[in-house]
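Engineer: The structure under discussion is supplied below as structure tokens; questions concerning it will follow.
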């Protein structure tokens, strides 16, 4: 009996001694086993933050859908007809500077143009130093070349010469005018008579996007549609967006005529992204056709037509373009002695209401807010 108890005691003592020896001989192994016990679940972001920069331990993170970046947009502010001769020149001279017409909308302390990527206007006449005998009554425009420095200073990036006054000093001076505008680092496009690809278009760039600007005048000749179609095809191959700036319609009318509407629709059918117009000296209606905006006439921007209410008002439109659609922002102006003034508050609302009343009724609510959003 005593031998049996002695045997059991010896076995127990042996096991105890074996455990002690194991912990003494293999302490690091026991430590590793302890550390590899999985911790309580934590968020993947917390696991990543806890790892040292040089860690090579693989970490499994949660798959979270990354939102797509907002598409890059480009905004083009379009201005109506600019004329720097006649009473505009006299007023500028009396005020002591050619920058007189811009004083109320873009001066040294505050310039409305700065909030836009590109600013485009219609230059209603040639830059010239040679005044020829008038070939159409007493309307015979020419502008001092020094005005180009003013346009550059206020931030106008491109001008259309597709209008019925570009050849007022003859063809040679019209060509010279375009050359002078280019030398001033201002884009120029369009011609009074010629509709060829070379004379009609210019490519400008902003925010990494290329925009083709095409200008055409149909006030004194019919449009060469074959040449226009070729120009649009060429432009679409070179640019992200293609916009046509038209000179058309009947003066002093609030709504476009049938030929304007048909031509605007044809241009969009050819693939252009927007159509902007001028020449009537009045603001005309806006429209959306096949999810593309049309502003039939912006009216005057800088002029001396003080003889009526409508000729003393105009419209600027900011065209915002991206791959998903476009937006047309409407900015009514008043022209005080050849100086455009941005309208605000009640006066702005009166003009927006006026535009809504002459435009498609389906757009009335949007026009009254000053913004038309268009999704492709």
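Engineer: Looking for something closer than 16 Å to residue 164 by Cα and surrounded by 17 or more Cβ atoms within 10 Å (Cβ to Cβ) - is there at least one such residue anywhere in region 206-213?
Structural biologist: No, there is no match, as no residue in region 206-213 is closer than 16 Å to residue 164 by Cα and surrounded by 17 or more Cβ atoms within 10 Å (Cβ to Cβ).
Engineer: Additional query: So which of 112, 78, 102 is in contact with a helix residue (DSSP H, G or I) (Cβ under 6 Å, 6 or more places away or on another chain) and under 26 Å from residue 295 (Cα atoms)?
Structural biologist: 102 is the lone residue from the list that is in contact with a helix residue (DSSP H, G or I) (Cβ under 6 Å, 6 or more places away or on another chain) and under 26 Å from residue 295 (Cα atoms).
Engineer: Working only within region 274-290, note down all residues that are out of contact with any helix residue (DSSP H, G or I) (no Cβ under 9 Å at 6 or more places or on another chain) and closer than 14 Å to residue 372 by Cβ.
Structural biologist: Across region 274-290, the qualifying residue is only 276.
Engineer: Inside region 309-324, can you point out the residues that are outside any strand (DSSP E or B) and in contact (Cβ under 8 Å) with a residue 12 or more places away in the chain?
Structural biologist: Scanning region 309-324 gives 310, 311, 312, 323, 324.
Engineer: Can you tell me which residue within region 271-282, out of those that are crowded, with 16+ Cβ neighbours inside 10 Å and under 21 Å from the mean Cα position of the chain (by Cα), is nearest to residue 301 (Cα to Cα)?
Structural biologist: The extreme case among them is 278.
Engineer: Moving on to the next point. Answer yes or no: is there a residue in region 353-373 that is under 22 Å from residue 154 (Cβ atoms), over 18 Å from the mean Cα position of the chain (by Cα) and at pLDDT 95 or above.
Structural biologist: The answer is no; no qualifying residue exists.
Engineer: Now a separate question. Do you know which of the residues in region 242-262 that are in contact (Cβ under 8 Å) with a residue 40 or more places away in the chain and more than 19 Å from residue 358 (Cα to Cα) is surrounded by the fewest Cβ atoms within 10 Å (Cβ to Cβ)?
Structural biologist: So, considering only residues that are in contact (Cβ under 8 Å) with a residue 40 or more places away in the chain and more than 19 Å from residue 358 (Cα to Cα), the one surrounded by the fewest Cβ atoms within 10 Å (Cβ to Cβ) is 243.
Engineer: Report the residue count in region 336-353 for those that are buried (at least 17 other Cβ atoms within 10 Å of the Cβ) and either assigned to a loop (DSSP other than H, G, I, E, B) or out of contact with any strand residue (DSSP E or B) (no Cβ under 6 Å at 6 or more places or on another chain) (or both).
Structural biologist: 4
Engineer: Something else: I need the helices (runs of 4 or more DSSP H) fully contained in region 184-290, keeping only those with at least 1 residues that are in contact with a strand residue (DSSP E or B) (Cβ under 6 Å, 6 or more places away or on another chain), modelled with pLDDT of 95 or more and within 20 Å of residue 157 (Cα to Cα).
Structural biologist: Correct list: 225-238.
The values are calculated or read from the model by the stated rules, or taken from the named source; none is laboratory data. Small disclaimer: the values here were computed from a predicted structure and weren't measured. FYI the Cβ positions are ideal-geometry reconstructions off the backbone, even for glycines, and counts take in every protein chain you see.
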